Amino acid sequence: MTFNDLGLSAEILRAVSEQGYSEPTPIQAQAIPVVLEGRDLLAGAQTGTGKTAGFTLPMLQKLSQAKNAPGRKPRALVLTPTRELAAQVAESVRTYGKYLPLKSTVIFGGVKPGPQIRQLQNGVDIIIATPGRLLDHVQQGNVDLSGVEIFVLDEADRMLDMGFIHDIKKIQQRLPKQRQNLMFSATYSDEIRQLASSLLNNPASVEVARKNTAAETVSQRILPVDKKRKSELLSHLIGSQNWQQVLVFTRTKHGANRLAEYLNKSGLKADAIHGNKSQAARTRALKAFKAGQTRVLVATDIAARGLDIDQLPHVVNFELPNVAEDYVHRIGRTGRAGNEGEAISLVCVDEHKLLRDIERLLKRDLPQEVLEGYEVDPTIKAEPIKNGGGRKQPRRRTGGRPSARKSSGNSRSGNGRRGQGTKATAAPRPGRNRRNAMRQKTAA
Ligand code: AMP
């Protein structure tokens, strides 16, 4: 099958072929006709499958065929969980829509709202946004969502993990009843199914990777090692295998900083990205990594979410994630668009339970290999895992919008009681209660 078989317009095909893509990926081949038909869609696909073009291409086509809504209200809204993903989707919309007379803008927090307000006032066809900042604009009357014809919820599972469910519901209320809805999620949980049934109307279902299964092109290995020797082992791996580009995950922001510092001191050019870094610093770090100026990018889950780095060959879990689904997301950074990739996890005695959770989710054991010289010391006993804020299992993280997560009634978010007695709407807005926001910052 080629892109020409999918019923896309000449302007879109031209932009696609300029990217050097000749064949649609499986998610594109399945999703594009469904979206063009006007149906709602539930797609099980993780980053790396080509899902962004899967919704962007038919969305652009539909918008360019239909007439503009009066007053140039936005006609399509794409919600993403993180700023990085919003920026990347916006970039795709610009790239694929370069020969179409459609205007788009990206809206996320962590930057001044002024320029965003001006863009919105000038009128745009497509908004790509993270929920928190968009809701601020909606509530301040800067944007009217009543003309949205296509609503896309990207990485819905991560949206829920980040406690955005409340914001999504509020945004949903501002949308017209008659619209097309597309929802993408890498993993399925009961909450995702619930959200899908409340959002989607008789959706077509498309799935490219098996449920909760890591990309099959990724080879996965566990290297057991003592906690205090992990940094040394990592720099040994990078050096001895001559890896030129490796993405490394840590659980905490401080851990990411510390590790990047260690690697730099060992002569391996490294940078860290996490929720405490400004958007500009994160963008700079990503750019340097993509350009090959930085060899190692150390990231927390949130900061790395949705990063689009072509042909990333190596991902290392310096620490296993607290949440097994995050493992699937993390290793989704490698083995992209059919390329082979390798995911290595450095696992110490404290993390055995986390490893069991991951293996249960994957429904298989991961191969373990003890490296000579890095054998574990059997006298070391497991200790409770410390996460940034000293909590045992934080489900809320940084990188998005602290108070949004605080306001979540999401039962998957760390404090199981939150959804039961807390008045979600009473949660403070960012900047309106600094102390609360700061408290939230301690989560990884
Ligand atoms: P995504 O899953 O949307 O993040 O896309 C993953 C990567 O696949 C991106 O870097 C795209 O540039 C690339 N990609 C998207 N569509 C295709 C295609 N049809 N052929 C080859 N690469 C693609």
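The values are calculated or read from the model by the stated rules, or taken from the named source; none is laboratory data. Fair warning: this is a prediction, and the values are worked out from it, not measured in the lab. We place every Cβ from the backbone using ideal geometry, glycine too, and count neighbours over all the protein chains shown. In case anyone asks, the SASA skips ligands and DNA or RNA and just uses the protein heavy atoms, side chains included. Shrake-Rupley method; radii C 1.70, N 1.55, O 1.52, S 1.80 Å.
Observations on the structure shown:
- Selection of first residues in region 109-126 that are touching a residue at least 60 places away in the same chain (Cβ under 8 Å) and of second residues that are open to solvent by 40 Å² or more (accessible area, probe 1.4 Å) and outside any loop (DSSP other than H, G, I, E, B), restricted to Cβ pairs under 8 Å at least 6 apart or on distinct chains, gives the following pairs, ordered by first then second residue: 125/72.
- Test: residue 252 is in contact with an Asp or Glu (Cβ under 6 Å, 6 or more places away or on another chain) and open to solvent by less than 70 Å² (accessible area, probe 1.4 Å): no
- Checking each residue in region 343-376 for being among the small types (Gly, Ala, Ser) and open to solvent by 30 Å² or more (accessible area, probe 1.4 Å) picks out only 373.
- Of the numbered criteria (1) over 28 Å from residue 144 (Cβ atoms); (2) not in a helix (DSSP H, G or I), the one residue 259 fails is (2).
- Pairs with Cβ under 6 Å, 6+ apart, first in region 19-30 and touching a residue at least 40 places away in the same chain (Cβ under 8 Å) and farther than 12 Å from residue 55 by Cα, second more than 7 Å from the ligand (Cβ to nearest atom) and hydrophobic (A, V, I, L, M, F, W, C): 26/208
- Counting only residues that are out of contact with any helix residue (DSSP H, G or I) (no Cβ under 9 Å at 6 or more places or on another chain) and under 19 Å from residue 290 (Cα atoms), region 261-277 holds 1 of them.
- Conditions (1) touching a Lys or Arg at 6+ places or on another chain (Cβ under 6 Å); (2) part of a loop (DSSP other than H, G, I, E, B); (3) touching a residue at least 40 places away in the same chain (Cβ under 8 Å): number failed by residue 302: (2)
- Among the residues making up region 45-81, those that are within 13 Å of the ligand (Cβ to nearest atom), within 16 Å of residue 157 (Cα to Cα) and at pLDDT 90 or above are 51, 52, 78, 80.
- Considering residues of region 82-96 that are open to solvent by 10 Å² or more (accessible area, probe 1.4 Å) and more than 24 Å from residue 166 (Cβ to Cβ) only, the residue modelled with the lowest pLDDT: 88
- The conditions of being open to solvent by less than 10 Å² (accessible area, probe 1.4 Å) and among the small types (Gly, Ala, Ser) are met by residue 156.
- Residue in region 238-245 that is at pLDDT below 95, within 16 Å of the ligand (Cβ to nearest atom) and outside any strand (DSSP E or B) present: yes
- Annotation: residue 53 fulfils all but one of (1) open to solvent by 20 Å² or more (accessible area, probe 1.4 Å); (2) under 21 Å from residue 206 (Cα atoms); the unmet one is (1).
- The one condition in (1) away from the ligand (no atom under 16 Å from the Cβ); (2) under 27 Å from residue 360 (Cβ atoms); (3) part of a loop (DSSP other than H, G, I, E, B); (4) modelled with pLDDT under 95 that residue 312 fails to fulfil: (1)
- Residue 19 vs. criteria more than 22 Å from the chain's Cα centre (by Cα), of a type outside the set (D, E, K, R) and outside the structural domain of residue 341 (by TED's automatic domain parsing): yes
- Once region 1-29 is narrowed to residues that are of a type in the set (D, E, K, R) and either surrounded by 15 or more Cβ atoms within 10 Å (Cβ to Cβ) or near the ligand (Cβ under 7 Å from one of its atoms) (or both), the residue that is farthest from residue 62 (Cα to Cα) is 23.
- Scanning region 268-278 for residues that are part of a loop (DSSP other than H, G, I, E, B) and either aliphatic (A, V, I, L, M) or modelled with pLDDT of 95 or more (or both) gives 268, 269.
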